[in-house]
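The structure under discussion appears below in the form of structure tokens.
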Amino acid sequence: MLRTRTARKSLRLLTLSAGGLLLAATPYGADAASLRSHTLVHGDMVRLGDLFDDAGPKSEAAVLRAPAPGRKMTVEGRWLRSLARAYRLNWQPAPGSDDTVVERSSNPIEHTQIMATVRRALEHRAGQSDPFDVTLDDPSLTIHLPIDTPASVSVRQLRFDKRSLRFSATLLAPADRPGARTVPIAGRIHPLVSVPVLTRRLRNGEIIRKDDIKPQMMRRSSVGNSTVLDSENIVGMGVRRTLRMDKPVRRGDIREPVLVSRNSLVIMKYKTANMLITAQGKARENGTRGETIRIQNTSSGKTIEGVVIGPGMVAVGTFGTIDAIAARQTR
């Protein structure tokens, strides 16, 4: 009987001890934890609850340093499994990949804001008053700051070479604050010129009107020697070939407008010091002011040459030579 009571007491103690061990080995949380495939954090540290849903009472524990603002990093499954065991999470990895991506939010200083700040610094400190464009060696530069930091930037240590048009500087972000991030930059300025461009598509033979052109700023290095820079030299001219909208006009694209059309009837004028003789002819080709064309005399059928002096009018000489003096006087 004593042996029996002793045995029963020992069994109860063993059962209680085993229950305590089972309780200690039981993972936190009644619900199974689940891994997030992607998580967005806002601070310097990644917490257990950022990685796992239903992470239990330890969800606020900081377990990993976050990436830099605006950056991402991949956390591998092997490390996550060790983390889950260390914090006794009720988590069973799914078959396949159990990695997760951690991304940190940011307050970005966009490329356009950086370019505007650099432009103002060049205008004030490098004496660049003429119109110019700016390019950075890093054309996609964006500065990411912590989400609670103002997105401001300033320029320091600006150096500019007028010969090469190159510059270098240091950006401070946020602007004028202790502990600001420093970003070295380099780039080039591009002087701009005003160039008349077309406001619509023009076809061969059309006359360019004043409202067919508009000024547009272009990089001086991209403007060819044959580009017409004065709009007064374009208005009233004829188009030699089809010209596209928003494109500059080259000297070879235009000519004096056609005043005489092929197969049209024209007035032929023969002028001397004492008399002016006129006759009717038929143009054998198109002609602009001052251009020599062939005309057929409708009375004699003879083909002669003459100079176009106006709409439907041609100056001729006695033997079909050009009466240049008459052409100049008629202009």
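In this calculation the C-beta distance from S261 to K210 is compared with R0 = 25 Å, giving a FRET efficiency of 0.55.
Mind running the shape call on region 29-104? Use the C-alpha gyration tensor, a ≥ b ≥ c as the square roots of the eigenvalues: rounded below 1.5 for a/c, prolate if a/b tops b/c, oblate otherwise. Oblate is the answer for region 29-104, as a/c is 1.5 or above yet b/c matches or exceeds a/b. For the peptides 177-186, 136-145, 252-261, the ranking by packing is 252-261, 136-145, 177-186, with the highest mean count of neighbouring Cβ atoms within 10 Å listed first.
With a Förster radius of 30 Å applied to the C-beta separation of R201 and H124, the computed FRET efficiency comes to 0.10. Listed by chain and number, the aspartates and glutamates whose C-alpha is less than 14 Å from the C-alpha of K247, apart from same-chain residues fewer than 8 away, are D212.
Close amide H partners of N90, meaning residues 5 or more places away or on another chain with modelled amide H under 5 Å apart, are Y28, A33.
All other residues with a Cβ under 11 Å from the Cβ of N225 taken together, and with Lys, Arg as +1 and Asp, Glu as -1, what is their net charge?
Details: positive: R250, R251; negative: none.
Overall, the nearby charge balance is +2.
Between D230 and D44, what's the calculated FRET efficiency when r is the beta-carbon distance and R0 is 56 Å? Round to 0.05. Between D230 and D44 the formula returns 0.40.
Please rank S231, S34, fewest neighbouring Cβ atoms within 10 Å first, as an exposure proxy. Write down the numbers at each step before the final one.
Numbers: S231 18, S34 15.
By the 10 Å Cβ count, ascending, the order reads S34, S231.
Would region 84-215 count as rounded, prolate or oblate if I go by the C-alpha gyration tensor, calling it rounded below 1.5 in a/c and otherwise prolate when a/b exceeds b/c, oblate otherwise? Because a/c hits 1.5 or more and a/b fails to exceed b/c, region 84-215 counts as oblate. Computed from label points 7 Å out along Cα-Cβ, the spacing between T242 and R88 is 8.0 nm. Express in whole angstrom the spacing between the alpha-carbon centres of region 71-146 and region 182-240. First find each Cα centre; the distance between them is then 39 Å.
Each residue, E110 and T278, gets one label point 7 Å from its Cα in the Cβ direction; the gap between the two is 6.7 nm.
Pairs of Cα atoms under 8 Å, at least six residues apart: use those to get the relative contact order of region 175-229, whole percent. Relative contact order, region 175-229: 42 percent.
Annotation: for a label point projected 7 angstrom from Cα along Cα→Cβ of R177, residues of region 130-164 with backbone N closer than 14 Å are 143-154. For R241, the shell of other residues with beta-carbons less than 9 Å away shows a net charge of +1, using +1 for Lys and Arg and -1 for Asp and Glu. Taking the DSSP beta bridges in region 29-104 as the whole, what percent of them are antiparallel, to the nearest 5? Roughly 70 percent of the beta bridges in region 29-104 run antiparallel, per DSSP.
With a cut-off of at most 16 other beta carbons within 10 Å, and DSSP calling the residue loop, which GluC sites (Glu not before Pro) in region 36-131 qualify? Please list them.
Numbers: sites: E60, E76, E103, E110, E123; in loops: E60, E76, E110.
Listed in order of number, the matching sites are E60, E76, E110.
Fully extending the segment from S222 to S168, taken as 0.36 nm per residue of separation minus the present Cα-Cα distance, adds 17.1 nm.
Straight-line cross-link partners of K214 among the aspartates and glutamates, defined as a Cα under 13 Å from its Cα and at least 8 positions apart when in the same chain: D230, E232, D246.
Where a number appears in this text, it was derived from the coordinates with a stated rule and is not lab data. If you're wondering where the values come from, they're calculated on a predicted model, not measured in any experiment. Glycine also receives a Cβ, built like all others from the backbone with ideal geometry; neighbour counts cover every protein chain displayed.
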